[in-house]
Amino acid sequence: MSAGNHAHGHDHGDHGHGDHAHGHDGAPHGSMRDYVIGFVLSVILTAIPFALVMTNAFADHRVTAGLCMAFALVQIIVHMIYFLHMNTRSENGWTLMALLFTVVIVAICLSGSLWVMYHMNLNMMPGSGAMAGM
């Protein structure tokens, strides 16, 4: 092999080593400011439920659990906006459409499973002979 023969397959064409345009094609990327805002919001949205649980702020634990779930939902939205850059402009809205489709399918699966389990429990015969003999 000669020193000028590059048989290792790094064909850069007319691009130099300094050209690192990895095919992003104008997709929205967050700035350092956006990442810092997302991080601060995530820390706040984690610290508030932690404080609610650790200080027993509410006598009814169901209220605390509901508030923690609400903060978790808001934190999911913060992550999708600030870290995953999901909005209506990215990829002409297809990422948002894929998210909505996923949410609908998960909701159908969860509600269907709960419905089936509820009706199976409701329709079970109490004290059936098969279970009494065990």
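Taken together, the values in this text are just the output of simple stated rules run on the coordinates, not laboratory data. Since the structure is predicted, the reported quantities are computational estimates derived from the model, not experimental observations. Cβ placement follows ideal geometry from the backbone for every residue including glycine, while neighbour counts extend to all protein chains displayed.
For (1) surrounded by 13 or more Cβ atoms within 10 Å (Cβ to Cβ); (2) more than 18 Å from the chain's Cα centre (by Cα), each residue gets a yes or a no:
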| residue | (1), (2) |
| --- | --- |
| F50 | no, yes |
| D60 | no, yes |
| G66 | no, yes |
| S90 | yes, no |
| T95 | yes, no |
| T102 | no, no |
| C109 | no, no |
| S113 | no, yes |
| L122 | no, yes |
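Is it true that M80 is in contact with a Ser or Thr (Cβ under 9 Å, 6 or more places away or on another chain) and surrounded by 12 or more Cβ atoms within 10 Å (Cβ to Cβ)?
It is false that M80 is in contact with a Ser or Thr (Cβ under 9 Å, 6 or more places away or on another chain) and surrounded by 12 or more Cβ atoms within 10 Å (Cβ to Cβ).
Which of the residues spanning the stretch 73-85 are over 11 Å from G30 (Cβ atoms), in contact (Cβ under 8 Å) with a residue 12 or more places away in the chain and within 11 Å of the chain's Cα centre (by Cα)? Outline the logic, then answer.
Step one: list which residues in the stretch 73-85 are over 11 Å from G30 (Cβ atoms), which gives 73-80.
Filter once more, so that each one left must be in contact (Cβ under 8 Å) with a residue 12 or more places away in the chain: 74-75, 78-80.
Hits for the stretch 73-85 are Q75, V78, H79, M80.
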